[in-house]
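Notes for the one structure printed next.
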Amino acid sequence: MNKFNYNFWDERYSTDDFIYGKVPNEFFRENLLKIRPGKLFLPGDGEGRNAVFAAKQGWSVDAMDQSEVGKLKALKLASEFEVNINYSVCDISGYNFPENYYDAAAIIFIHLNAELRRKVHNKILRSLKINGVLILELFNKEQLDKDSGGPRNIDMLYSLDDIEKDFKSLKTILLENKTVQLNEGKKHSGEASVIRFVGIKQ
């Protein structure tokens, strides 16, 4: 996220189409449905596909992104599905993370440089309540050789070790590298190399 300025994302989202589609990320959907609805945090949610899905399931959703255009499309999508989401526009480094507040959070394809990544991940950890669940899907370093999405900078792609270290305080339910077929609009399409993680705060 931090690699690209506001104009990059505003321009990417400035189309009638939903660049990553209107349906939620499949790994997020699958795991969110296992959790009793409560308060959910969704950083970097772009056009709102995950936030709107969660709100439809009864979650109280706080979403954020750095794109004002993304917010407008997210609110349009929420209106289409007759749900409400709370959506903030700011750089993730400046977001005011409440502590011990969320029942769940999801990090879905948010790629940051190493220093900012560790800071943001730590703030997300602190924002979770005890027994709060973290759901994560990110591109791993093998994604650099694929054209199905993600940054073209290996330093902004992650390893299992990165995720294990960042979230070592959580009880790990799942941590894996996996090759998947993405079908999330024009920008996430085809075979992809991802890290998937689910953890619980204890």
| field | Extreme residue, nearest to residue 16 (Cα to Cα), among residues of segment 161-202 that are acidic (Asp, Glu) and at pLDDT 95 or above | value | 191
| task | Determine whether residue 53 is at pLDDT 95 or above, crowded, with 20+ Cβ neighbours inside 10 Å and either in a helix (DSSP H, G or I) or not hydrophobic (A, V, I, L, M, F, W, C) (or both). | result | yes
| message | Just to verify a result, which residue in segment 58-79, among those that are charged (D, E, K, R) and in a strand (DSSP E or B), is nearest to the chain's Cα centre (by Cα)? | response | 65
| note | Given the conditions (1) under 19 Å from residue 109 (Cα atoms); (2) surrounded by fewer than 23 Cβ atoms within 10 Å (Cβ to Cβ); (3) not aromatic (Phe, Trp, Tyr), every one holds for residue 80 apart from (1)
| Can you pull out the residues in segment 133-158 that are surrounded by 15 or more Cβ atoms within 10 Å (Cβ to Cβ), assigned to a loop (DSSP other than H, G, I, E, B) and of a type in the set (S, T, N, Q)? | 148
| request: Within segment 82-106, track down each residue that is under 17 Å from the mean Cα position of the chain (by Cα), at pLDDT 95 or above and assigned to a loop (DSSP other than H, G, I, E, B). | output: 85, 97
| task | Using the structure shown, decide if residue 197 is within 19 Å of residue 34 (Cα to Cα) and within 15 Å of the chain's Cα centre (by Cα). | result | yes
| request: Output yes when any residue across segment 108-116 is more than 22 Å from residue 12 (Cα to Cα) and either of a type in the set (A, V, I, L, M, F, W, C) or touching a strand residue (DSSP E or B) at 6+ places or on another chain (Cβ under 6 Å) (or both), and no when none is. | output: yes
| request: Consider residue 45 carefully, then state whether it is surrounded by 21 or more Cβ atoms within 10 Å (Cβ to Cβ), outside any loop (DSSP other than H, G, I, E, B) and of a type in the set (Asp, Glu). | output: no
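The values are calculated or read from the model by the stated rules, or taken from the named source; none is laboratory data. The structure presented is a predicted model; accordingly, all values stated were derived computationally and were not measured. In this analysis, Cβ positions are derived from the backbone assuming ideal geometry, glycine residues included, and neighbour counts consider all displayed protein chains.
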